[in-house]
Amino acid sequence: GVAVGGEGGGEGKGLSCGLTPNSQPKGRLCFLWQKKSFEVINCVCLCLCEPDRVLVRVQDLTPENADQLIWLRARVHTSRAKGKQCFLVLRQQQFNVQALVAVGDRASKQMVKFAANITKESIVDVEALVRKVEQKIESCSQQDVELHIERIFVISQAEPRLPLQLEDAVRPDGEGEEGMEMWKCLSVCGCVFILPKTTTSQAIFRLQSGVCQLFRETLTKKGFVEIQTPKIISAASEGGANVFTVSYFKTSAYLAQSPQLYKQMCICADFDKVFCVGPVFRAEDSNTHRHLTEFVGLDIEMAFSYHYHEVIDSITDTMVQIFKGLRDNFQTEIQTVNKQYPSEPFKFLEPTLRLEYTEALAMLHEAGVEMGDEDDLSTPNEKLLGRLVKEKYDTDFYVLDKYPLAVRPFYTMPDPNNPKYSNSYDMFMRGEEILSGAQRVHDAQMLTDRAIHHQIDLEKIKAYIDSFRYGAPPHGGGGIGLERVCMLYLGLHNVRQTSMFPRDPKRLTP
């Protein structure tokens, strides 16, 4: 047995760290291993009391740290033995650094061999000297320094055979439907849990966290109140059929397609401006690059004073603040993702470009598309329109206003100046819809008439209609898909890349 890094230790037939059952470790990490040919077989003991060291973060390693002796905890990303030395790449989230163990005053041949045999993805503590390098290390995020290891400890050993090599997990996907092939392979082999470890995924989900933070901060400054709404409901949120039914004691319930009813009830209760962040469920058998059965909704609802464009202006300004915040504060994450998935920087205008539906139709007709005045946009036409808008206005973000009433839900307010159209809008990023919204019908009788026109069972939406019988201010809002926003901002091609544990018609685990 061998004790490594304890207060004492020795060699013998048993395992020992120099501690008796009644003694206390004094501010040191104590590691006990059984060894066989310098392979770690079993970690027997780990004690941590009043540590006498500070662990440095990989991202903070710069030439300013040169010649400093530091401690670091990270994963072994790769290792390569060469003669009397072993090169390691140590990874911590989306950052990594090259490290070297070489035979010399501070390392024996056995230590080099031990380091070379540490399995990939194992977590290690190292004591090392920071050294400047003459030539940049292009394969690492910390390109100007490397670590010369003097001591190395295995904190948690990974199994020798990984279900999937991280190098394979971060290979670029093809565009669109082809981009789903890697996800299908990962599902079959049960390796989806590997993906969050990759540097690209680390960057994506940190940026996604930033979107949520900026969304909350911006709306809070605008006087919005964050609300929490139920996700188990008694009737379909939007009166449709694309809902998940769940057993609820002696009856049935549904998973919410939208928090809209509750947002609007809060407006009726004089909250004035509300938002919520939470899961949204859609029982749509859509196996496309941009659809999920469960996603995170960023929902907004607000009363307005004179015109529903006040709502559009508030939402677009919120999106612009998010784009600015990402651009200014998440360049490291954006560049990390771009190394794996190159894309053009996201462009936006301030104030945001707003086009009416008729203007969009004219642009599409000029491009040779044949469609009627009251037809909805197909996905290919949305993407084409996005390209046309980018060419003409040099923006990846815009609003399409005044949709035909025939293609919008029953609760959408008709345009008072033209009954063929409505006070509704969609917002687009890189030619794909990220928000659908409208001024809502806030009169109970008018809402009833619109529901009858759409052949909706009034009994199923009775609670919704009743909420407007006691005075409701004119209001509007919309719902944004978080994963889709992140996908399109980063120029990715599959929404599953921006969902840590995606749910679609063929995926329910992990």
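The values are calculated or read from the model by the stated rules, or taken from the named source; none is laboratory data. What you see is a predicted model, and the numbers here were worked out from it, not measured in a lab. FYI the Cβ positions are ideal-geometry reconstructions off the backbone, even for glycines, and counts take in every protein chain you see. These accessible areas exclude ligands, DNA and RNA; they are computed on the full protein's heavy atoms, side chains included. Shrake-Rupley method; radii C 1.70, N 1.55, O 1.52, S 1.80 Å.
Within the same chain, lysines fewer than 8 places from LYS136 are excluded, and of the rest, those with a Cα less than 26 Å from its Cα are LYS82, LYS84, LYS120, LYS197, LYS339.
Once the Cα-Cα distance is subtracted from the 0.36 nm per residue extended length, the ALA269 to ASN117 segment shows a gain of 48.2 nm. Here LYS82 sits with roughly 120 square angstrom of accessible surface, probe radius 1.4 Å.
Across segment 211-325, the relative contact order, built from alpha-carbon pairs under 8 Å that are at least six residues apart, equals 26 percent.
Modelled this way, with points 7 Å down the Cα-to-C-beta line, the labels at THR358 and ASP313 are 2.3 nm from one another.
Taken along the Cα-to-beta-carbon direction at a fixed 7 Å, the label points for SER305 and GLU366 span 3.6 nm. Legend: calculated FRET efficiency, SER108 to GLU391, from the Cβ-Cβ distance at R0 = 56 Å, rounded to 0.05, equals 0.30.
When PHE501, PHE348, PHE304 are compared by accessible area of protein heavy atoms, the largest-first order is PHE501, PHE348, PHE304, using a 1.4 Å probe.
The residues THR251, THR336, sorted by heavy-atom accessible surface at 1.4 Å with ligands and nucleic acids left out, run THR251, THR336 from largest to smallest.
Put LYS109, LYS197 in order of accessible area, highest first, and with a 1.4 Å probe you get LYS109, LYS197. Label zone of ARG206 (point 7 Å out along Cα→Cβ, amide N under 12 Å): in segment 75-93 this covers 92-93. Residue-wise HN-Hα couplings along segment 401-414, as the Karplus relation 6.51 cos²θ - 1.76 cosθ + 1.60 with θ = phi - 60° gives them from phi, are 10, 6, 5, x, 4, 5, 9, 10, x, 4, 7, 7, 6, x Hz; Gly and Pro carry x. For THR332, the accessible surface of its heavy atoms amounts to roughly 70 Å² (probe 1.4 Å, protein chains only, rounded to the nearest 10).
Note on segment 220-338: Lys pairs 8 or more places apart or on different chains, Cα atoms under 24 Å apart, count 11. FRET efficiency for the pair THR379 and ARG161, taken as 1/(1 + (r/R0)^6) with r the Cβ-Cβ distance and R0 = 60 Å, rounds to 0.90.
State the extension gain, in nm to one decimal, for the chain segment bounded by SER234 and GLU459, taking 0.36 nm per residue of separation less the distance between their alpha-carbons. All intermediate terms of the calculation are to be shown ahead of the outcome.
Working: separation 225, 0.36 × 225 = 81.00 nm, distance 1.15 nm.
Stretched fully, the SER234-GLU459 segment lengthens by 79.8 nm.
Using the average count of surrounding beta-carbon atoms within 10 Å as a protection proxy, the listed peptides 84-97, 145-158 rank, highest first, as 84-97, 145-158.
Mean separation of Cα pairs under 8 Å and 6 or more residues apart, divided by the residue count, gives segment 276-353 a relative contact order of 23 percent. Within a straight-line Cα-Cα reach of under 17 Å, LYS460 can be paired with the following aspartates and glutamates, leaving aside sequence neighbours fewer than 8 residues apart in one chain: GLU238, ASP449. Spin-label pair GLN445-VAL133: with each label point 7 Å from Cα along the Cα-Cβ axis, the two points sit 7.7 nm from one another. Remark on segment 329-412: ratio of C-alpha radius of gyration to 2.2 N^0.38 Å is 1.35. Accessible area per residue was computed with a 1.4 Å probe on protein heavy atoms; ARG75 scores about 70 Å².
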